[in-house]
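A short worksheet on the structure shown next.
Derivation of every value follows stated rules applied to the coordinates shown; laboratory data play no part. Only a predicted model underlies this, so the values are computations on that prediction, with no experimental measurement involved. Positions of Cβ are generated from backbone atoms using ideal geometry, with glycine treated the same way; all protein chains shown enter the neighbour counts.
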């Protein structure tokens with residue numbers, strides 16, 4: 001069992017997202033450590049990119065700030081390596097196809113492994129094109145996390161049968177961002193997944209921001225992913241964000257556990 005899959009055992013996993021380098025890489029390192037100490041089961045590390053097509057304005061703004069602060073792919077890998085010396089929490093890189101291609105697919109996955117990254121999510125690469133990256137990920141023991149959405153329909157069966165780590169279930173159509181309502185079809189999506197791959201954990205993301213969201217999503221899924229709400233806290237408090245982030249992660253993890 002991989003470290004990612006193991007993070008779902010006996011719990012409802014809480015998976016916070018952070019844009020690395022916002023407001024700078026040193027602060028991101030402190031915030032990741034704080035999230036792990038506060039109950040995060042997996043941490044999703046956003047690699048800042050100039051054209052993040054899956055992201056809403058909150059994370060787009062964070063990407064712009066991180067790039068302006070001089071954040072690079074190598075600096076993110078170096079940050080992960082430092083964190084890995086004292087933290088066992090699984091780390092997942094969230095990026096796009098272009099940064100991986102520019103860096104070099106094999107070299108990117110090699111650096112993931114060397115620094116202590118466990119998995120990677122590439123939202124602009126559909127399942128049918130994952131073979132572009134899968135051989136390199138497999139070579140270096142990096143799990144390529146697949147995504148499904150309300151529009152995936154019967155493709156869900158095929159995606160679920162081949163997925164590894166966990167399946168990222170997109171809660172609604174559109175880009176990332178805080179929402180007040182979610183697709184009515186999330187339960188049906190997860191039921192389809194469990195029909196063909198009962199042991200595959202499913203985590204719901206896109207729009208989750210409040211404790212009541214965490215509880216309701218955890219009732220139907222194995223984990224909850226939160227991004228924009230955390231990035232928004234960091235944008236508001238900048239270098240003073242740590243205690244606010246700690247408290248938010250604690251509250252969201254506690255709310256997820258309430259679903260057990």
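General observations
- Distance in nm between pseudo-label sites at residue 110 and residue 3 (7 Å out along the Cβ direction from Cα): 2.0
- Value of relative contact order over the range 12-253, rounded to a whole percent, pairs C-alpha under 8 Å and six or more apart: 24
- Whether the range 1-110 is rounded, prolate or oblate, judged on the alpha carbon gyration tensor where a/c under 1.5 counts as rounded: prolate
- Listed peptides 36-45, 2-11 by packing density, highest first (mean Cβ within 10 Å): 36-45, 2-11
- Overall form of the range 12-253 per C-alpha gyration tensor (a/c, 1.5; a/b vs b/c): oblate
- Distance between the pseudo-spin-label points of residue 37 and residue 151 (7 Å out from Cα toward the beta carbon): 4.2 nm.
- The range 123-260 - percent relative contact order, Cα under 8 Å, separation 6 or more: 20
- When peptides 115-126, 144-155 are ranked by their average number of other Cβ atoms within 10 Å per residue, the highest-first order is 115-126, 144-155.
- The order of the peptides 209-222, 81-94 by mean Cβ neighbours within 10 Å, most packed first, is 209-222, 81-94.
- Rounded Å value of the spacing that divides the Cα centres of the range 127-141 and the range 209-240: 29
- Spatial separation of Cα centroids for the range 66-118 and the range 1-56, in angstrom: 12
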